[in-house]
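Undergrad: I have a structure I would like to understand better, so I am pasting it below and will then ask my questions one at a time.
The values are calculated or read from the model by the stated rules, or taken from the named source; none is laboratory data. Please read all numbers here as calculations on a predicted model, not as lab measurements. Counting neighbours? That spans all protein chains shown, and the Cβs are built from the backbone with ideal geometry, glycine included.
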Amino acid sequence: MLLNPSLFKYHKTPLLCILVSLILYASFAYDLARTEATKLVLLYTALFICAYFLKKSAGFNFSLLVIASILLRLIFLPAIPNLSQDFYRFIWDGRMLFEGFNPYLYMPDSFIQNSEFPVNQAKELYDGMGALSASHFTNYPPINQLCFYIAALFSGKSITGAVVTLRLIIIAADIGILYFGKKLLEALKLPSSRIWWYILNPFIIIELTGNLHFEGVMILFLVWSLYLLHTGKWKSAAVVFACSVSVKLIPLLFLPIFFGWFWKNKKDASATLRMTNLVLFYVIVIGSTIALFLPFFSMQFIDNYAQTVGLWFNNFEFNASIYYIAREIGYSITGYNEIKIIGKILPVIALLIILYFSFFKKNVTIPKLTSSILIAFTCYLFLSTTVHPWYLATLLVLCVFTEYRFPLIWSFVIILSYLSYLGIGTADKSENLWIIGLEYTIVFSAFIWEVVLQRRIRL
């Protein structure tokens, strides 16, 4: 198709955008250090401009955009991620499974500090993941672990080979999101072109394909589940939703919001039947999730997993908004970081917001349901102590099925969070709060404009 002369004649602009994007992504993948702030921001900005004109100029040429989206991902295929080191832990966990170990029961530190090397390239993986990851138990759910195992199975002696395998899984997930996302948009009678806001977004390509974050696999199951729910196959939707939870735990936050789908939708069911379906939906989701965790189950596993998950609220902090304000207030009162207290209060507030959207919103259609999930999860991130860039991927896909566009703006300005790496190798490794303040000033302004003032951002 790409050799068809007419394609060049009538699609010069999108083809040029694709070519320029390939060059820019190649530079991003193979010629960028995360401490190169100016280059990072310029490349990221240029890629967003190219993505905008590509989507705009390609029109309804679906095949061209599909090919472009795959090519832009494949350019990263053998590249070692340069903005994240989490993949080293992924490879470690997969190789632990391959060697017959339960990855939830062992910290890498417990081996390396005793000069034990349980997996191939153990020292290289240990050094790559960093002391923070190595000193904690893994928190990646079972389907995530399955992906890691597949990487170990096909490339057990090569870090690059493992990277390629993991990347192919993530690319396959994005193709699945494109498929089910388009089908769901068509079923909702919404413009199918909206899916390109996610698929062609440089943030998604860089964070998921480039940096090997598995939010894409989680999102595949989430979108698939929403499609099944819309088509009336809610039991299958529950099983698929459990798969999403078994990649990342985040979808558990959304479970209460499904209350409205079953209880408040009165068009064709009695109160008894609606309550039965609601309870059964939750039973299937929770039961399926537990079943997927069962191969790893032990009392030690429960203790280790709970301990690791708790760290996100009580120990870690990065790119936060409301928490940083609360932290400064705490500093002014007590003179030290009150994360142990604040980290317990903010999740309670987030839970109350989620419950509000669960019981006081009529989430009886997919657009209404996804809007509630989108706003509730946004508030959760606003209240979190840690907001890594890849967390936004879920917001980005949800906005495709709503009228909200603020996640698109956040996906662009989130690049500012990476400027914290400028402190690497210097005495001051703290984040620049002025830069974070700029990021959230833009994000909160867009959020208030759309959600509070009910205005629309046209993109």
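This table checks each residue for (1) within 17 Å of Thr370 (Cβ to Cβ); (2) modelled with pLDDT of 95 or more; (3) buried (at least 21 other Cβ atoms within 10 Å of the Cβ).
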position	(1), (2), (3)
Gly156	no, no, no
Val163	no, yes, yes
Ile169	no, yes, no
Ile175	no, yes, no
Phe180	yes, yes, yes
Leu185	yes, yes, no
Lys189	yes, yes, no
Ser193	no, no, no
Phe203	no, yes, yes
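Undergrad: A further question on this structure: Give me the residue from region 307-362 that is outside any helix (DSSP H, G or I) and polar (S, T, N, Q) and, out of that set, nearest to Cys379 (Cα to Cα).
TA: Among them, the one singled out is Ser321.
Undergrad: Testing Phe76 on (1) of a type in the set (Phe, Trp, Tyr); (2) in a helix (DSSP H, G or I); (3) closer than 28 Å to Leu419 by Cβ, one condition comes back false. Which one is that?
TA: Here Phe76 meets the rest and fails (2).
Undergrad: Would you check which residues across region 398-413 are buried (at least 22 other Cβ atoms within 10 Å of the Cβ) and either part of a loop (DSSP other than H, G, I, E, B) or under 14 Å from the mean Cα position of the chain (by Cα) (or both) and list them?
TA: Hits for region 398-413 are Leu398, Cys399, Val400, Phe401, Tyr404, Pro407, Trp410, Ser411.
Undergrad: I'd like the full set of residues that are among the aliphatic types (A, V, I, L, M), farther than 24 Å from Thr160 by Cβ, surrounded by fewer than 21 Cβ atoms within 10 Å (Cβ to Cβ) and touching a helix residue (DSSP H, G or I) at 6+ places or on another chain (Cβ under 8 Å), limited to region 40-52.
TA: Val41, Ala46
Undergrad: Output the number of residues of region 43-100 satisfying the condition of being of a type outside the set (Val, Ile, Thr) and over 30 Å from Ser155 (Cβ atoms).
TA: 18
Undergrad: Right, another one. Return yes when Ser358 is small (Gly, Ala, Ser), within 24 Å of Lys248 (Cβ to Cβ) and in contact with a Pro (Cβ under 7 Å, 6 or more places away or on another chain) and no when it is not.
TA: yes
Undergrad: Kindly indicate whether Glu338 is acidic (Asp, Glu) and over 24 Å from the mean Cα position of the chain (by Cα).
TA: yes
Undergrad: If you don't mind, there's one more thing I want to ask. Does Ile322 qualify as being closer than 24 Å to Thr441 by Cβ, touching a helix residue (DSSP H, G or I) at 6+ places or on another chain (Cβ under 6 Å) and not small (Gly, Ala, Ser)?
TA: Yes; evaluated as a whole, the condition is true for this residue.
Undergrad: Just wondering, is there one or more residues in region 390-397 that are modelled with pLDDT of 95 or more, under 28 Å from Glu186 (Cβ atoms), of a type in the set (Gly, Ala, Ser) and part of a helix (DSSP H, G or I)?
TA: Yes, because at least one residue in region 390-397 is modelled with pLDDT of 95 or more, under 28 Å from Glu186 (Cβ atoms), of a type in the set (Gly, Ala, Ser) and part of a helix (DSSP H, G or I).
Undergrad: Could you tell me how many of the residues in region 172-213 are of a type in the set (S, T, N, Q) and outside any helix (DSSP H, G or I)?
TA: Residues meeting the conditions: 2.
Undergrad: Just give me the residues in region 97-132 being assigned to a helix (DSSP H, G or I), farther than 15 Å from Leu166 by Cβ and more than 23 Å from the chain's Cα centre (by Cα), in sequence order.
TA: Result: Leu105, Pro108, Asp109, Ser110, Phe111, Ile112, Ala122, Lys123, Glu124, Tyr126, Asp127, Ala131.
Undergrad: Also, quick follow-up: Spot the failing condition for Met275; the list is (1) closer than 22 Å to Ile250 by Cα; (2) out of contact with any His (no Cβ under 7 Å at 6 or more places or on another chain); (3) among the hydrophobic types (A, V, I, L, M, F, W, C), and only one is missed.
TA: Unmet condition: (1).
Yes/no per residue for (1) within 16 Å of Phe203 (Cα to Cα); (2) at pLDDT 85 or above:
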| residue | (1), (2) |
| --- | --- |
| Leu3 | no, no |
| Lys9 | no, no |
| Thr13 | no, yes |
| Val20 | no, yes |
| Ala26 | yes, yes |
| Ala29 | yes, yes |
| Ala33 | no, yes |
| Val41 | yes, yes |
| Thr45 | yes, yes |
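Undergrad: Further question: Of all residues in region 351-364, count the ones that are touching a residue at least 60 places away in the same chain (Cβ under 8 Å) and surrounded by 15 or more Cβ atoms within 10 Å (Cβ to Cβ).
TA: Result for region 351-364: 6.
Undergrad: Related question: Any chance region 53-75 includes a residue that's small (Gly, Ala, Ser), exposed (fewer than 15 other Cβ atoms within 10 Å of the Cβ) and assigned by TED's automatic domain parsing to the domain that holds Leu168?
TA: yes
Undergrad: Determine whether region 90-110 contains at least one residue that is at pLDDT 95 or above, touching a Gly at 6+ places or on another chain (Cβ under 7 Å) and not aliphatic (A, V, I, L, M).
TA: Among the residues of region 90-110, at least one is at pLDDT 95 or above, touching a Gly at 6+ places or on another chain (Cβ under 7 Å) and not aliphatic (A, V, I, L, M), which makes the answer yes.
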